[in-house]
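What follows is calculated from the coordinates using simple rules that are stated; it is not laboratory data. Values in this document were obtained by computation on a predicted structure and should not be read as measured data. Positions of Cβ are backbone-derived with ideal geometry, glycine not excepted, and every protein chain shown enters the neighbour counts.
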Amino acid sequence: MSPRADAESDRLKKAITMAKKAHSGQFRKTGEPYIVHPLAVKKILEEWGMDEDTVIAGVLHDTVEDTDLTLEDIRNEFGNSVAFLVDGVTKLSTARRGMRDIDTYLPSTKDNFLRLMIALGDDIRVLIIKLADRLHNIRTLSALPPEKQKKIAKETLEVFAPLADRLNMGRLRVEMADLAFKYVDPRRFEELETLIEKRNKSAEQSLKKIKQEVMEALKREKITAEVSGRVKSVYSLHRKLAKHNQNINEIYDLTALRIIVDDITDCYLALGIIHSLYMPMNGRIKDYIAMPKQNGYQSLHTTVITKDKHIVEFQIRTKEMHEYAERGLAASFYYNEQKVTENYKQGKIKHLPTNLLWITELQMAAAKLREGKKIDLKKLKLNLFADKIFVYTPKGDIIDLPNGAMPLDFAYRLHSEIGDHVVGVKINGKMSNLNKKLEQGDIVEILTSKNQTPKQSWLEKIFTSHARTKLMHALRPSTISEESTRRKHRTK
C-alpha cells in the first residue's frame, strides 16, 4: 500500500471514530445504534467506487444535523471538500422538514430539492451521497409506522428514483423503485411479482435453448461475448402495463437476453448474427449507441421472433457501456466528467457529451445564485426533469434539447454567434416560425445574417435557460447604449 493510501485510510478511520462518538447514545427506529446507518452509507458509496472525500462525507453526513459536531469541526479535520459535501447533504435533508401531507407535499419537495440541487450544482457528489442515504433508509423502511413508510416510499418513486435515472444509475433506480413500490401499492406489487415469476418459469427452457444458439453463433464468428438473462423489474412492468392497457401480451421485454462484447464493431456484428438466426420485429430495433438516451445510456435493442414463435428481446453493449448503464455517473463523474465540463467551460472543447449538458446548466445556475442573480426556476425545472428531444443539423449532428425547445434554443446551443444573428429557420427543409416547438427527429437549419441583431421580443421565443442567458448577455450592451443615448437627449 502506498503512503498516500495509508494516509487516506487514516482519514477514513478518523471519520468513523468521530461519527461513532458524535452519534453515541442515538438509536434508529430498528433499535440498532444510529452509527449503523452512516456506516451502511459508507459501504454503499465504496461499492459505487466513490472517492475518499465522498465516503468520509457519507460517514459524517448526519452529524451536523443530529449531533453537537459543527461544520467547522469537520472542515478543520477533513478540509473544505468534505465540509462542503456534508453541508450540502444537511441542506437537502432540511428541505424535507414539515412536509407531512401525503397528497400535497411532493410538489413542494420537488421545488425545494430543485432549488438545493441548483445551489449545490457545482458538486454532483452531494446528490450521490443523498442517494446512498436514501437507499439504506428504503432498505430498512419496515421499522417505521405505515403512514411514514408510504410517504417516504412515494417520495422515493417521485424524486429519488428519477434522480438516479438522470445520473444513469440503472441498478440503483431499479432497486429503489421496487422497494418503494412494495410500500406504495403492496397488493399490486405482489400480483406483478407473481406474474413475472410464472412467465419466467414458463420461458426458462426456451431461453436456455436460445442462449445456447446465440453463444454458438457468436463463437463461430469469433466474437467474444458474455450472454446472460435480464428480468424486468416489478415497477418497470407496472409502468409499462399502464401504457399498454394492462395487456401483458404486448410487453415483449419481460425477459431479455443481454450480450456484452468487447467493442462497438462487435455490437453491430452481434446484431446481424441475431437477425440471421431469428426474425426481427418491425419497429423494435433501437440504436441507443448512435443516439444515446438523455442520461447517456448506450446499447442496441432488438426484439425477435424465434423459430418456436417465442418473442425475445436482446440488449447488446460493450463492457464499458454496461458498467455505465449499471453505475452511471456515481463512479465516474468526479474524475472524468468533471474534467470534461471544466474543459468545456474554458473553451478547450466545443461540444459537451449529451448526457452532461444538464449538469453544466445546473452549474451555470449555481454560479448565478452565488452572484445574487435571480433564475427562472420553472424554466430550469423543465430543463432538468422534462423529457429530452434529439434534433439534427443539416449535416447530421445530433443536438440534445429539452422537450418544448424552439429554434432559438437550438441556435444558441450551436453557438452564441449563430443565435445572435438568426433571421429565420427551416425545419425539415421548409421555412418555419421561430416560436414553433421542435419535435423529436426534426432537421433544423438556422438562417443567419451579419446585419441581424438580437431582439428583446426573442425572449418570448426561448425555452432553455442556456439560450436565455446568452440572449440577455447579447441584449445588455444595446440596452446600455440606448439608455446612454436617452440621457444625452435629456441633458441637451
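Just to confirm a number: summing +1 for Lys and Arg and -1 for Asp and Glu over residues other than GLU226 whose beta-carbon lies under 9 angstrom from that of GLU226, what do you get?
Value of the local net charge: +2.
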ASN435 to SER228: extension gain in nm, 0.36 nm per residue of separation minus the Cα-Cα distance? 69.7 nm
Quick one: length gained pulling THR17 to ASN428 fully straight, 0.36 nm per residue minus the C-alpha distance? 141.7 nm
Need one number: % antiparallel among DSSP beta bridges in the stretch 187-326, to the nearest 5. 75 percent
What's the ranking of 211-222, 27-38 by average number of surrounding C-beta atoms within 10 Å, highest first? 27-38, 211-222
Projected label distance in nm at PHE27 and LYS319, using a 7 Å step from Cα toward the beta-carbon: 4.8 nm
For the stretch 262-275, 3J(HN,Hα) per residue [Karplus equation, 6.51 cos²θ - 1.76 cosθ + 1.60, θ = phi - 60°, Hz, x = Gly/Pro]: 7, 8, 5, 4, 5, 4, 6, 5, 4, 4, x, 5, 4, 6
Once you've got the Cα coordinates, tell me which of LYS43/LYS91; LYS148/LYS243; LYS43/LYS201; LYS243/LYS437; LYS14/LYS151; LYS21/LYS151 are over 27 Å apart. LYS148/LYS243; LYS43/LYS201; LYS14/LYS151; LYS21/LYS151
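For the stretch 167-206, which GluC sites (Glu not before Pro) pass both filters: DSSP loop (anything but H, G, I, E, B) and at most 15 other C-beta atoms within 10 Å?
none
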So if I place +1 on the C-beta of Lys and Arg and -1 on the C-beta of Asp and Glu, and nothing else carries charge, what would the dipole magnitude of the stretch 187-326 be about its Cα centre? I want it in debye, nearest 20. 460 debye
Pseudo-spin-label distance TYR268 to LYS309, built 7 Å along Cα→Cβ, given in nm, is 3.6 nm
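Based on the Cβ-Cβ distance from LYS43 to HIS415, what FRET efficiency comes out when R0 is 35 Å, to the nearest 0.05? Don't jump to the answer; show the numbers that get you there.
Details: r = 46 Å, r/R0 = 1.31.
Efficiency, rounded to the nearest 0.05: 0.15.
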By how many nm would the segment from THR194 to ASN247 lengthen if fully extended, with 0.36 nm per residue of separation less the alpha-carbon distance? 17.5 nm
Ranked packing of 270-280, 179-189, most packed first, by mean Cβ within 10 Å: 179-189, 270-280
Prolate/oblate/rounded call for the stretch 161-225, Cα gyration tensor, a/c under 1.5 rounded: oblate
Compactness ratio of the stretch 159-317: Cα Rg over 2.2 N^0.38 Å, N = residue count? 1.08
Pairwise FRET efficiency - LYS455 versus MET215, Cβ, R0 = 60 Å, nearest 0.05: 0.45
Relative packing of peptides 162-171, 319-328 - highest average C-beta neighbours within 10 Å first: 162-171, 319-328
